[in-house]
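The values are calculated or read from the model by the stated rules, or taken from the named source; none is laboratory data. It should be emphasised that the depicted structure is a prediction, and the values quoted were computed from it without experimental measurement. Note that each Cβ is placed from the backbone with ideal geometry, even for glycine, and that neighbours are counted across all protein chains shown. Quick note on the areas: whole protein, heavy atoms, side chains included, nothing else; ligands and nucleic acids left out. Shrake-Rupley method; radii C 1.70, N 1.55, O 1.52, S 1.80 Å.
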Amino acid sequence: MKTRTLAVLVLVGLLGVALAAWLRAGHEARLATEHVLGMALQDLLLVLALGLASVLMLERLLLRPLRRLAERAHSFDPSLPPSSLSWPDTQGGPRELHQINKAFERVHQSLGAQLQQEQSEAARLRSEVEQHGRVLAQTQQALDAARRELAALSRSDTLTGLANRREFDDALRREFKRAQRQHSRLALAVMDLDSFRAYNEQQGRAAGDAALQAFARLLGERFKRDTDVVARLGGEEFVALLPGFDMEMAQGLMEQLREDWRVLALAHPTSPAADKILTVSIGLAAYSASHPYLSPQALLQAADEALYIAKHAGRDRLSLAA
């Protein structure tokens with residue numbers, strides 16, 4: 001019994017010693033682990049510090065200039081002159097970054113020079129276009145003036161300024177149709193200066209032209225209504241188209257015209273007139289509802305036939321169409 005108890009005590013003692021040894025070994029292991037962890041933590045902090053310093057240095061020396069270059073490149077406008085943009089300073093950074101910056105500056109300088117050249121060329125072209133535009137406008141104005149003058153010449157007699165045969169023919173057709181449509185009246189007088197060829201030969205061409213111009217002025221003074229049309233048909237033959245006038249009303253006007261022309265008393269030594277002056281013969285026809293004509297040409301022919309009768313009846317007179 002004592003032996004067993006002693007054995008148990010010995011065993012418990014051995015177990016206690018073994019447990020104490022194990023606990024001590026564990027404690028020493030924990031201390032070793034904590035020491036290693038401390039060293040590792042210090043190393044990690046050192047690495048982090050070095051990494052942060054490297055990042056800051058990389059940020060300052062490389063990334064920041066690169067961002068500025070990227071921003072400048074993104075906002076780069078080749079239409080602006082080189083002096084309006086400033087590239088970031090890369091001195092102190094990597095040589096390659098400095099070279100990139102210089103390359104950008106050279107490109108900008110080249111583009112700027114090309115831009116200035118193109119702007120100068122564009123300004124020159126604009127100036128030429130403006131000049132050509134002014135010349136074109138002046139030419140157009142001259143053409144318009146020439147066109148108006150040509151149109152006026154095509155419808156007016158150059159010597160007297162009266163309407164010419166073309167203008168008269170248009171007016172006769174227009175007024176004749178109106179008279180037919182409105183059942184109104186239209187008088188037509190054809191006038192011819194008597195023995196004008198002999199007058200022209202004796203007095204000279206200048207005197208003949210002056211006589212024609214004087215007769216044209218008299219017509220313009222006597223027939224002033226907007227609807228009246230007086231024209232020179234050619235040579236010494238004139239015509240008056242009087243809308244709204246019947247034969248009786250037009251007869252009085254034409255007789256007064258003939259007398260007014262005699263008052264001017266242009267000397268004509270070989271004139272058949274007793275007082276040896278330049279006279280005029282007139283043939284008169286009139287369209288009305290009671291005396292219609294089939295066409296404008298028929299009305300004009302009637303006035304021409306009346307003029308023919310006046311000429312062969314002794315000149316210096318008015319003859320009425322039948």
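General remarks:
- Residue in the stretch 153-169 that is farther than 30 Å from R317 by Cα and open to solvent by 70 Å² or more (accessible area, probe 1.4 Å) present: yes
- When the stretch 215-232 is filtered for residues that are open to solvent by less than 30 Å² (accessible area, probe 1.4 Å) and over 19 Å from E255 (Cβ atoms), the ones remaining, listed by number, are A216, V229, A231.
- Which numbered condition A265 fails, given (1) surrounded by 14 or more Cβ atoms within 10 Å (Cβ to Cβ); (2) in contact with a Leu (Cβ under 9 Å, 6 or more places away or on another chain): (1)
- The set of residues in the stretch 295-322 that are more than 57 Å from the chain's Cα centre (by Cα) and acidic (D, E) contains only D316.
- Selection count, the stretch 183-202, where residues are surrounded by fewer than 23 Cβ atoms within 10 Å (Cβ to Cβ) and either polar (S, T, N, Q) or under 14 Å from L242 (Cα atoms) (or both): 5
- Selection within the stretch 265-287 - in a strand (DSSP E or B) and aliphatic (A, V, I, L, M): A267, I277, V280, I282, L284, A285, A286
- Subset of the stretch 288-322 that is under 15 Å from A179 (Cα atoms) and outside any helix (DSSP H, G or I) - its residue that is most open to solvent (accessible area, probe 1.4 Å): L294
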